[in-house]
Amino acid sequence: MTLDPQATAKAAPKTDVDRNAPVVVSLSTTIDAPLDTVWALHTDIGSWALWNTDVERVAFDGPLAPGATFQWLTHGLEITSTVHQVVPGERIVWGGPAHGIDGVHVWTFEEEGGVVTVRTEESWSGAPVEAEPVALEQALRQSLESWLHLLRTEAERR
């Protein structure tokens, strides 16, 4: 039996961004809050709309594990994402197609000296991205900057 490499690649969970995608944005922030607080806030997907003003609604029943899906509305885009990887307190990866864009989003968390460094990296590929890479990179960068700011603000408030 011969395996189709493309089918195998599509079936395998994505645990990193697509380094060859037309758009890859990497950002980070530091948060003056305990790791448990930051992690719990960020991974309570069903509650994102309560603190992230860019998220209009989320439907997620859990549990938070690879293969779980959630539907959400952000920036006017209806998105269905699949969780690809969860390393509690350290890393979460999700992604999926939305409006012709295939996104992969990696978040990592590291605590040192009572401060948490949150790193986010996201790749976008697909025909819409190839048609307008500069505009879509700017849109993604602004969205991630806002997310990190809102996450920091809410975690430090708690």
If you scan segment 39-59, which residues turn out to be out of contact with any Leu (no Cβ under 9 Å at 6 or more places or on another chain), aliphatic (A, V, I, L, M) and under 10 Å from residue 72 (Cβ atoms)? 59
Segment 33-45, residues that are among the small types (Gly, Ala, Ser) and surrounded by fewer than 15 Cβ atoms within 10 Å (Cβ to Cβ): 40
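Let's see how each residue does on (1) assigned to a loop (DSSP other than H, G, I, E, B); (2) touching a His at 6+ places or on another chain (Cβ under 6 Å); (3) modelled with pLDDT under 95:
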{"site": "83", "(1), (2), (3)": "no, no, no"}
{"site": "86", "(1), (2), (3)": "no, no, no"}
{"site": "93", "(1), (2), (3)": "no, yes, no"}
{"site": "96", "(1), (2), (3)": "no, no, yes"}
{"site": "104", "(1), (2), (3)": "no, no, no"}
{"site": "108", "(1), (2), (3)": "no, no, no"}
{"site": "111", "(1), (2), (3)": "no, no, no"}
{"site": "120", "(1), (2), (3)": "no, no, no"}
{"site": "123", "(1), (2), (3)": "no, no, no"}
Residues in segment 125-138 that are assigned to a strand (DSSP E or B) and at positive phi: how many? 0
Out of 50, 64, 77, I need the residue that is surrounded by fewer than 17 Cβ atoms within 10 Å (Cβ to Cβ), in contact with a helix residue (DSSP H, G or I) (Cβ under 6 Å, 6 or more places away or on another chain) and hydrophobic (A, V, I, L, M, F, W, C). Which one? 64
Pairs with Cβ under 7 Å, 6+ apart, first in segment 12-41 and touching a residue at least 12 places away in the same chain (Cβ under 8 Å), second surrounded by fewer than 18 Cβ atoms within 10 Å (Cβ to Cβ) and polar (S, T, N, Q): 13/85; 15/85; 28/117; 30/117
Members of segment 100-158 found to be more than 15 Å from residue 52 (Cα to Cα), of a type in the set (A, V, I, L, M, F, W, C) and surrounded by fewer than 19 Cβ atoms within 10 Å (Cβ to Cβ), listed by number: 115, 127, 131, 134, 135, 139
Pairs only if they're at least six apart or on different chains, beta carbon under 8 angstrom, first in segment 116-140 and free of Cβ contacts under 8 Å to residues at least 60 places away in the same chain, second charged (D, E, K, R) and surrounded by fewer than 19 Cβ atoms within 10 Å (Cβ to Cβ); list them, first residue then second. 126/102
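The values are calculated or read from the model by the stated rules, or taken from the named source; none is laboratory data. Bear in mind that the values here come from a model prediction, so they are computed numbers and not experimental data. No Cβ is skipped: glycine too gets one built from the backbone with ideal geometry, and neighbour counts run over all protein chains shown.
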